[in-house]
Amino acid sequence: MRSRLPPVLGAADLPLAELGAARLDGELFPLDEGFCPIDEPDRPALRAAALRPLVPPGAVVERASALWVHGALPRPPARHTLCVPADARIGTRHAIRLRVRECRLSPDDVAEIAGLRLVTPLRAAVDLLRSAPDFGPRERAVIELLNEAGGFRHDDLEAAVEAGRSIPGIRRARERLRGVEGGAA
């Protein structure tokens, strides 16, 4: 018998009406598609636990979704982004909430938090440098938050950008990296 409810509740734990009522009573707060007790601290493991039911086996969380789990964005994206190896075949029940793409990741690019596989803060920073449509103070602040989460140095970020020479957008990442010189210490 379970003596304690999980930190993230969903329809498998309690009926949606009960979860909604507890939210209205101030006992729960919404976290992506789940609900959490108000005394549960918002941390990467909690956000990962909220996202885990949406992610099919073999997929890796990336881009804005990874930024949110790592704590660099305040809210989850409307559609979560996952990547899979080119030869992977995955099925998903939550296709509306997910954007799945193929990509190549090295084992060093992937971390696990609360059973959820996602890109590391360093890889998330590289992806932001190379693929953000705009790059200004907000994106620099996100890279600083990723640095706090991952503890990488500017040299590590520079080396990761240089290691991805065949990745699309890497020239843009090099240019943007110059503007982050003081950000990741």
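The values are calculated or read from the model by the stated rules, or taken from the named source; none is laboratory data. Owing to the predicted nature of the structure, the values given are computational and were not obtained by experimental measurement. Because the Cβ atoms are built from the backbone with ideal geometry, glycine has one as well, and the counts that use them run over all protein chains shown.
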Exercise. Among the residues of segment 84-105, is any at pLDDT 90 or above and among the acidic types (Asp, Glu)?
Worked result: no
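Select from segment 99-150 the residues that are surrounded by 12 or more Cβ atoms within 10 Å (Cβ to Cβ) and small (Gly, Ala, Ser) and list them in ascending order. Don't jump to the end; show me each part of the working.
Step one: of segment 99-150, the residues surrounded by 12 or more Cβ atoms within 10 Å (Cβ to Cβ) are 99-100, 103, 105, 109-111, 113-114, 116-132, 135, 139-150.
Scanning segment 99-150 gives Ala111, Ala114, Ala124, Ala125, Ser131, Ala132, Ala141, Ala149, Gly150.
From the list Ala125, Ala149, Ala160, which one is within 22 Å of Leu51 (Cβ to Cβ) and at pLDDT below 95? Full working, then the answer.
Numbers: Ala125 fails: at pLDDT below 95; Ala160 fails: within 22 Å of Leu51 (Cβ to Cβ).
One residue alone meets the criteria, Ala149.
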Exercise. Could you list, in sequence order, the residues of segment 81-122 that are assigned to a helix (DSSP H, G or I), in contact with a strand residue (DSSP E or B) (Cβ under 8 Å, 6 or more places away or on another chain) and of a type in the set (Asp, Glu)?
Worked result: Asp109
For this session: Scan segment 111-162 for residues that are of a type in the set (Val, Ile, Thr), under 14 Å from Ser65 (Cβ atoms) and touching a Lys or Arg at 6+ places or on another chain (Cβ under 7 Å) and jot them down.
Result: none
Exercise. When segment 15-43 is examined, which residues are found to be over 27 Å from Leu118 (Cβ atoms) and either within 25 Å of the chain's Cα centre (by Cα) or not in a helix (DSSP H, G or I) (or both)?
Worked result: Pro15, Asp25, Gly26, Glu27
Problem set entry | Answer residue from segment 44-80, given it is free of Cβ contacts under 8 Å to residues at least 60 places away in the same chain, within 12 Å of the chain's Cα centre (by Cα) and assigned to a loop (DSSP other than H, G, I, E, B) and is surrounded by the fewest Cβ atoms within 10 Å (Cβ to Cβ) among those | Pro74
Exercise. Mind checking whether some residue in segment 131-139 is hydrophobic (A, V, I, L, M, F, W, C), in a helix (DSSP H, G or I) and either in contact with an Asp or Glu (Cβ under 8 Å, 6 or more places away or on another chain) or assigned by TED's automatic domain parsing to the domain that holds Ala72 (or both)?
Worked result: no
